[in-house]
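**Q** Please find one structure pasted underneath; my questions will follow.
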Amino acid sequence: MPIDQYAVVGHPVAHSLSPQIHQQFAAQTKQTLDYGKIEAPVDGFVAVVDQFRADGGCGLNVTVPFKAQAWRYVDRLDELATSAQAVNTLSFRDGDCLGFNTDGLGLLADLKVRHQQTIGGSKVLILGAGGATQGVLGPLLSEQPASVSIVNRTVSKAADLVAAWRRNFAGKCVLKALAYADVDEKADIVINATSMGLANQTVPLDPVWIEGAFCYDMSYGANAKFMSWARQRGAKAAVDGLGMLVEQAAAAFNIWRGIMPQTDDVYARLSQQFHQ
Ligand code: ATR
């Protein structure tokens, strides 16, 4: 029997931790599988996925910049991927391609279980209104926070997200779109979903709004600039998105293999690597 093949596809993908994470899950749950990395050319996502399927591959994780293309590629979507308009997990079953989005579940598991945060009733401030925000907004709103303010340089993008989600959550949660200069209250939980850590940029938020807040940076490693910024400016605590990475991977593994791996050991090992 050939070994079941999985991979992460992205551009760039060289530094992806997904192979390391999934191989540890496979060892822990005694599953026999291979998990690799595929660097697709920016205009070559569909060709790469078609080839992987033709070669008998079982599933793919999809990362930047292909999540929206993956959403368009699939035959069927689960509910979270439908609302996120982005897919991070593909599963090839009986000739069909199924699309899932485990990013929101990953964020919630990390925030609620690992970091012991209560989202229900809290004031949440999200920095950024791109794909990363869209991917997690549905699961976050389902926790019934008191308010969610989406702050973005390009306010119209935040306003579009608010308009799209307000229909479902009207009356349950105050949803606002803001420019950085218009933020006017302290949040309980601040989530960085911008890509600003990738370049050498400064956080455009007045630090007074994060004083005493729990700050979460969806980036990790050298890109977790918001985490370092928040730690130096009065946040109650500031963590990076390494735990979210592990949790979204666990949810993908469960979709493929029907078994939910334990995440604490894998997280602890990565933590040693990244949090000295
Ligand atoms: P992703 O899929 O990672 O969310 P994206 O869709 O390109 O990527 O969105 C990037 C987000 O980071 C956007 O909200 C972007 O703000 P704009 O929409 O105003 O461009 C935000 N972003 C990127 N660099 C930033 C910076 N230096 N300061 C503040 N926000 C930044």
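**Q** Please specify each residue of the range 174-208 satisfying the condition of being open to solvent by 30 Å² or more (accessible area, probe 1.4 Å) and in a helix (DSSP H, G or I).
**A** Of everything in the range 174-208, those that are open to solvent by 30 Å² or more (accessible area, probe 1.4 Å) and in a helix (DSSP H, G or I) turn out to be 181, 182, 198, 207, 208.
**Q** Check 49, 42 and return the single one that is away from the ligand (no atom under 16 Å from the Cβ) and either more than 30 Å from residue 207 (Cβ to Cβ) or under 14 Å from the mean Cα position of the chain (by Cα) (or both). Working first, answer last.
**A** Working: 42 fails: away from the ligand (no atom under 16 Å from the Cβ).
Answer to the selection: 49.
**Q** Inside the range 186-212, can you point out the residues that are more than 13 Å from the ligand (Cβ to nearest atom), within 19 Å of residue 141 (Cβ to Cβ) and of a type outside the set (Asp, Glu)? Walk me through how you get there before you give the answer.
**A** Of the residues in the range 186-212, the ones more than 13 Å from the ligand (Cβ to nearest atom) are 186-190, 206-212.
Okay, now just the ones that are also within 19 Å of residue 141 (Cβ to Cβ), so 187-190.
Of everything in the range 186-212, those that are more than 13 Å from the ligand (Cβ to nearest atom), within 19 Å of residue 141 (Cβ to Cβ) and of a type outside the set (Asp, Glu) turn out to be 187, 189, 190.
**Q** If you don't mind, there's one more thing I want to ask. Taking the residues in the range 147-173 that are assigned to a loop (DSSP other than H, G, I, E, B) and open to solvent by less than 30 Å² (accessible area, probe 1.4 Å) as candidates, determine which candidate is nearest to the ligand (Cβ to nearest atom). Give the steps one after another, and end with the answer.
**A** As a first pass, look at the range 147-173 and keep what is assigned to a loop (DSSP other than H, G, I, E, B): 152-154, 170-173.
From the residues that got through so far, the ones that are open to solvent by less than 30 Å² (accessible area, probe 1.4 Å) too are 152, 173.
Values: 152: 5, 173: 20 Å.
Per the stated criteria, the residue is 152.
**Q** Given the condition within 27 Å of residue 273 (Cα to Cα) and of a type outside the set (Gly, Ala, Ser), answer yes or no: does some residue in the range 75-88 qualify? If you could, list the steps in order and put the result at the bottom.
**A** We begin by selecting, within the range 75-88, every residue within 27 Å of residue 273 (Cα to Cα); these are 88.
From what's left, of a type outside the set (Gly, Ala, Ser): 88.
Looking through the range 75-88, at least one residue is within 27 Å of residue 273 (Cα to Cα) and of a type outside the set (Gly, Ala, Ser).
**Q** Now for a different question. Quickly run through the range 234-276 and pick out the residues that are surrounded by 17 or more Cβ atoms within 10 Å (Cβ to Cβ) and over 22 Å from residue 29 (Cβ atoms).
**A** 235, 238, 239, 240, 241, listed by residue number.
**Q** A further question on this structure: Looking at the range 115-137 only, could you name the residues that are outside any loop (DSSP other than H, G, I, E, B) and near the ligand (Cβ under 9 Å from one of its atoms)? Explain how you work it out, then say what you get.
**A** The initial filter retains those residues of the range 115-137 that are outside any loop (DSSP other than H, G, I, E, B), namely 123-127, 131-137.
Selection gives 127, 131, 132, 133, 134, 135.
**Q** What tally of residues in the range 1-31 results from selecting those that are touching a Ser or Thr at 6+ places or on another chain (Cβ under 8 Å), open to solvent by 10 Å² or more (accessible area, probe 1.4 Å) and in a loop (DSSP other than H, G, I, E, B)?
**A** Adding up the residues that qualify gives 2.
**Q** Just to confirm my filter: which strands (runs of 3 or more DSSP E) fall fully inside the range 59-107 and include at least 1 residues that are farther than 19 Å from residue 38 by Cβ and more than 16 Å from the ligand (Cβ to nearest atom)?
**A** Hits in the range 59-107: 89-93, 96-100.
Okay, residues lined up against (1) touching a strand residue (DSSP E or B) at 6+ places or on another chain (Cβ under 6 Å); (2) modelled with pLDDT under 95; (3) within 19 Å of residue 217 (Cβ to Cβ); (4) of a type outside the set (Asp, Glu):
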{"site": "237", "(1), (2), (3), (4)": "yes, no, yes, yes"}
{"site": "242", "(1), (2), (3), (4)": "no, no, yes, yes"}
{"site": "245", "(1), (2), (3), (4)": "no, no, yes, yes"}
{"site": "255", "(1), (2), (3), (4)": "yes, no, no, yes"}
{"site": "258", "(1), (2), (3), (4)": "no, no, no, yes"}
{"site": "265", "(1), (2), (3), (4)": "no, no, no, no"}
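**Q** Working only within the range 211-232, note down all residues that are free of Cβ contacts under 8 Å to residues at least 40 places away in the same chain and buried (at least 17 other Cβ atoms within 10 Å of the Cβ).
**A** Selection gives 215, 217, 219, 223, 224, 225, 227, 229.
**Q** Residue under question is residue 118, and the condition is that it be over 18 Å from the mean Cα position of the chain (by Cα) and more than 23 Å from residue 257 (Cα to Cα); does it hold?
**A** yes
The values are calculated or read from the model by the stated rules, or taken from the named source; none is laboratory data. On a predicted model such as this, the values are computed, not experimentally measured, just so you know. A quick note on method: Cβ atoms are made from the backbone with ideal geometry, for glycine too, and the neighbour counts reach across all protein chains shown. To get the accessible areas, we keep the full protein, side chains included, count just its heavy atoms, and leave off ligands, DNA and RNA. Shrake-Rupley method; radii C 1.70, N 1.55, O 1.52, S 1.80 Å.
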